[in-house]
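Have a look at the structure below before the remarks.
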Amino acid sequence: DVLREILVGRNTAILGCSSLQIHYREILRSADPDYEPGSYASVVKFVLLDAPAVVLAARLEKRAAEGKHFMPVTLLQSQLDLLQIYDSERILKVDATLCPLSIVNTITS
């Protein structure tokens, strides 16, 4: 509902979430009042911060050691197994091993 209010007001929002499966992304796309389900043509856009599993595991272990993440690294593979990305969705994939400024520049260019 909040996302719909933002979109109706023609404002921009950045939402961080996993939305690993297509049906979760469809829920988010449906916040666009003009969205036709299954068309993937929406003002709601998705970016996949893509990194090899070994990189993700190392990041999780570091965050867990610092007390900054709730998910144990043992669950990582199950999460990766749930990931559904289809070319028809036109999701922007960005190399998550790049420095943060490069990631932002890639997304905004």
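The values are calculated or read from the model by the stated rules, or taken from the named source; none is laboratory data. None of the values given here were measured: they were computed from a predicted structure. Glycine gets a Cβ as well: all are built from the backbone with ideal geometry, and neighbour counts include every protein chain shown. The area values use the complete protein model at the heavy-atom level, side chains included, leaving out ligands, DNA and RNA. Shrake-Rupley method; radii C 1.70, N 1.55, O 1.52, S 1.80 Å.
Can you list the helices (runs of 4 or more DSSP H) lying wholly within the chain that have 2 or more residues being touching a strand residue (DSSP E or B) at 6+ places or on another chain (Cβ under 7 Å)? Let's see the steps before the verdict.
Numbers: elements: 2-8, 22-29, 53-65, 76-82, 100-108.
Hits in the chain: 100-108.
Within region 83-109, how many residues turn out to be touching a residue at least 24 places away in the same chain (Cβ under 8 Å) and surrounded by 11 or more Cβ atoms within 10 Å (Cβ to Cβ)? Here the count works out to 13. Looking only at region 30-63, count how many residues are open to solvent by less than 100 Å² (accessible area, probe 1.4 Å) and more than 23 Å from Ile103 (Cα to Cα). Of the residues in that region, 9 qualify.
When Leu20 is tested against (1) of a type in the set (A, V, I, L, M); (2) touching a residue at least 60 places away in the same chain (Cβ under 8 Å); (3) open to solvent by less than 70 Å² (accessible area, probe 1.4 Å); (4) out of contact with any helix residue (DSSP H, G or I) (no Cβ under 8 Å at 6 or more places or on another chain), exactly one condition is not met: (4).
Evaluate the following for Asp50: is it modelled with pLDDT under 95 and charged (D, E, K, R)?
Working: modelled with pLDDT under 95: no; charged (D, E, K, R): yes.
Criteria not met by Asp50.
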